[in-house]
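What follows draws every value from the coordinates through simple rules; no lab data is involved. Everything quoted here is computed from the prediction, not taken from an experiment. Reconstructed Cβ throughout: ideal geometry from the backbone, glycine too, with neighbour counts over all protein chains shown.
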Amino acid sequence: MIKKNSKKQQVWLVTSWEFMHFFKWKQEIISKLIIVAIGLIIMLWQYIKDDQLTVYKVAVPATMSQLQNSDSFDFIASNAPLKQLKKQLAQEDNWDAVLSETPSTNSVKQITLYSKDKQSWLGELKQTLNQQYTVQYASSLGLAEEQLNVLNQSSIFENKYLDESIKSDNSPAKATAIAMIVILAIGIFTSFGQLFVSVTGEKQQRVTEQLYACISAQTWIDGKILGQMLHSIKAMITIVITGMLGYAFVTVIIKGGIIDFSMIDWSLLPWLIPFALTGVYLCTAFMAAIAAAIDDPNHSAKTSIMLLPLVPMILAFITMDGPSGWALTFLSFFPLTSFVAMPVKMSLIDVPLWHSLLSLSLLVILCFWVRTAAARLFKMGMSMYGKEPSFKDMMRWVAKEK
Amino acid sequence: MELVVTHVQKNYANVAAIKNLSFNVSQGEIFALLGPNGAGKSSLVRMLTGFTQPDSGTITLTMDGNKYSSIPSHTLGYLPENRGLYPEKSLMKNLIYFAQLNGVDKKSAIEEAEYWLERFDILERKDDQLKTLSKGNQQKVQLITAVIHKPKWVILDEPFSGLDPVNQEKVVIFLSELRAKGMTVILSAHQMAMVEKLADRMLLMNLGETVLYGSLQEIQQKIDSSTHLTAQFSEELDSSKVSEILADTKHSLTNNKTLELSLTPLQSINELLQRLTSIGDLEAMHSKKMDLHQLYLNAIANHGAINND
């Protein structure tokens, strides 16, 4: 019944307690149901749209009879006076819109569009009319379709770099990396904030001494970091799914297109994921170290450090325009910034395998050191009850545990 | 199984919290740490639990053929001075979590938690949030947390604080049960009446030093060599006459008919008796020993006076 617990078991107990402490079933179920509902709407939209496909009837004067019908609009020429057409539009269901043309002295058409009220398809109608009149005008000028296309797009630019490691501008990798940084920021700040609340909260509630009698400082810190890591991963997965659904919603429902995820460079993911997870771990462990040394969060100057994880992200954004430059190269190896900088660099240029491996290894070593430092600082906090250590005290304890 | 503390010293900054302290605790006994606030009890407890280490001297625990420099966490049940649990969680969740951290499987943890909650009359509140309980009931949950995993060593820092007299008595019974189950209990407390009932031996500290050490009987014999007498008279006494006749004897008139007296070993009872009969009509006389409360107050006062000199 009672046995000496292994460290792993204790870490897992603290991890699951930490995770469940911030996991609210009701909120989670509601938010996931909303996501599922959006997904279902997108899936069903195509069928709904096909069933409800509408062709709008547009009354046009005889002078505009050359307009050609499209999938969405039937242009019906009428000799009835405009006043009568407007009355039919207002009182009967004969028309969805009425067009009238005002004589103009120049070649630009002056068209007035009448409708009962604001409708989402009016924009599409204007676009259709514009296209048809552009072709008509080009034809009146004796321009061939090819000439018209040249007028619309007179030049095509393509960049060529002498540095062959730089990927093509058309590569979707940059978009993937930027998206990854945003997702990473969400993950990091989720665990960063929660861990701060959790550690200082337990110290305020005076649970720490009771815990320290059962488990080591390292076990406590490890459990807390891992518990918050799980929250980060959950937050990142949620934001990815939400982002994809949002994109799908806009593409399918609003634009009427088809879902295309070709902008994601899937080949980068095996690198982006370990860098992201290690980065989240590093930042969470860093927060654990700071929070462990805070006695009263309401009166501690150390809380200003909360925004520190933004620094590597900002630096990566600033330097990403020069992917082969010394700045991004340095940042991609420096372990405090590499978790953001290396994925950015990898998305922009081809990086030798050993660069990525070395960067990741240095990052892992730093993570291990920071987690150890966090436990030492927690012990220091226990021995300095009621008195908050200075940064100098903290450095001394981190360098050599008393 | 024995815990031996030898010449332990602990300083915080330039303040000596513990000065050359030595004592031992044997298996199965209730050992009390006594002393005023700031005497160094909590500093000592934190060294025994391994939270901090002594600057000099040694703490040696011999258990199951092994030697340890503090009480190992898996054999320790601890009620800290700075205590608290998770106020947003239920009683059961708190108890099960700490039991599991100490190696108890979930099923047994539930059984043990329900047993102790029942014993402390709060079983019906088991699913309530801890913060909804009164301070006294929260203290009970904290006590259960310390023993739910059946540790060999139990250290309780102020187990009676926040409890009403009825619940203090329950804790006395609870601690006696722990001793009966073979657990060794080290407790610090200010409730001398409770300690007197419970403790097999005790260490009275002041300013980080040992003031008294041993069983209550040993301490009484060592410190209280005086004889305390109560003399009852049938008539009201003249206080000026009493003061005149008993000028060389420590005495106090508790009411007009009763005198409390302390005799030094050199004073003769017969001679005192003659003087008492000259004061008035002596009806009865009986002797008594100092209780722990009086011993504590005297010892601390004397130690303070010595240190001030």
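Legend: mean number of C-beta atoms from other chains within 10 angstrom of residue C-beta atoms, peptide B:85-91, equals 3. Once R0 is set to 30 Å, what does the formula 1/(1 + (r/R0)^6) return for the Cβ-Cβ distance between A:ILE254 and A:ALA62, expressed as a FRET efficiency to the nearest 0.05? Efficiency computed from Cβ-Cβ geometry: 0.25. Ranking of B:PHE98, A:PHE286, A:PHE23 by neighbouring Cβ atoms within 10 Å, starting from the fewest: A:PHE23, A:PHE286, B:PHE98.
Within the protein assembly as shown, antiparallel bridges make up roughly 65 percent of the DSSP beta bridges whose residues both belong there.
Give the shape of the range A:37-147 as rounded, prolate or oblate, defined through the alpha-carbon gyration tensor: a ≥ b ≥ c are the square roots of its eigenvalues, a/c under 1.5 means rounded, and otherwise the shape is prolate if a/b is larger than b/c and oblate if not. Oblate. Projecting label points 7 angstrom from Cα along Cα→Cβ for A:SER140 and B:THR249 puts them 13.8 nm apart.
Taking other residues whose beta carbon is less than 11 angstrom from the beta carbon of B:GLY77, and scoring Lys, Arg as +1 and Asp, Glu as -1, yields +2. What the Cβ-Cβ distance of A:GLN119 and A:LEU307 gives, at R0 = 45 Å and to the nearest 0.05, is a FRET efficiency of 0.45. Helical runs (DSSP H, four residues minimum) scored at -39500 (n - 2.57) apiece and divided by the length of chain A put the mean residue ellipticity at 222 nm at -20000 deg cm²/dmol. Averaged over the residues of B:50-57, the number of partner chain Cβ atoms lying within 10 Å of the residue Cβ comes to 2.
Listed peptides B:148-154, B:210-216 appear in the order B:148-154, B:210-216 once ranked by packing, highest mean of other Cβ atoms within 10 Å at the front. Compute the separation of the alpha-carbon centres of the range A:308-365 and the range A:238-268 and state it in Å as a whole number. Result: 27 Å between the Cα centres. Overall, the range B:225-288 carries a charge dipole of about 240 debye about its Cα centre when +1 sits on the Cβ of Lys and Arg and -1 on the Cβ of Asp and Glu, all other atoms neutral.
Cβ crowding within 10 Å ranks A:THR329, B:THR49, A:THR105, B:THR6 as A:THR105, B:THR6, A:THR329, B:THR49, fewest other Cβ atoms first.
Any chance you could check the Cα centroid distance between the range B:1-67 and the range B:195-269 for me, in angstrom? With the range B:1-67 and the range B:195-269 each reduced to a Cα centre, they are spaced 32 Å. Other protein chain C-beta atoms within 10 Å of residue C-beta, averaged over A:202-212: 6. Of the residues A:ALA62, A:LEU82, A:TYR133, the one whose Cα sits farthest towards the positive end of the charge dipole of the range A:56-152 is A:LEU82 (charges of +1 on Lys and Arg Cβ, -1 on Asp and Glu Cβ, taken about the Cα centre). The length gained by stretching the chain between B:THR227 and B:LYS257 to full extension, at 0.36 nm per residue less their Cα-Cα distance, is 8.8 nm.
In this calculation the C-beta distance from A:SER72 to A:MET20 is compared with R0 = 56 Å, giving a FRET efficiency of 0.60. The simple spin-label model puts a point 7 Å past each Cα toward its Cβ; for A:HIS355 and A:TRP266 those points are separated by 2.6 nm.
When shorter helices are ignored and each DSSP H run of at least 4 residues is given -39500 (n - 2.57), the per-residue value for chain B at 222 nm works out to -11000 deg cm²/dmol.
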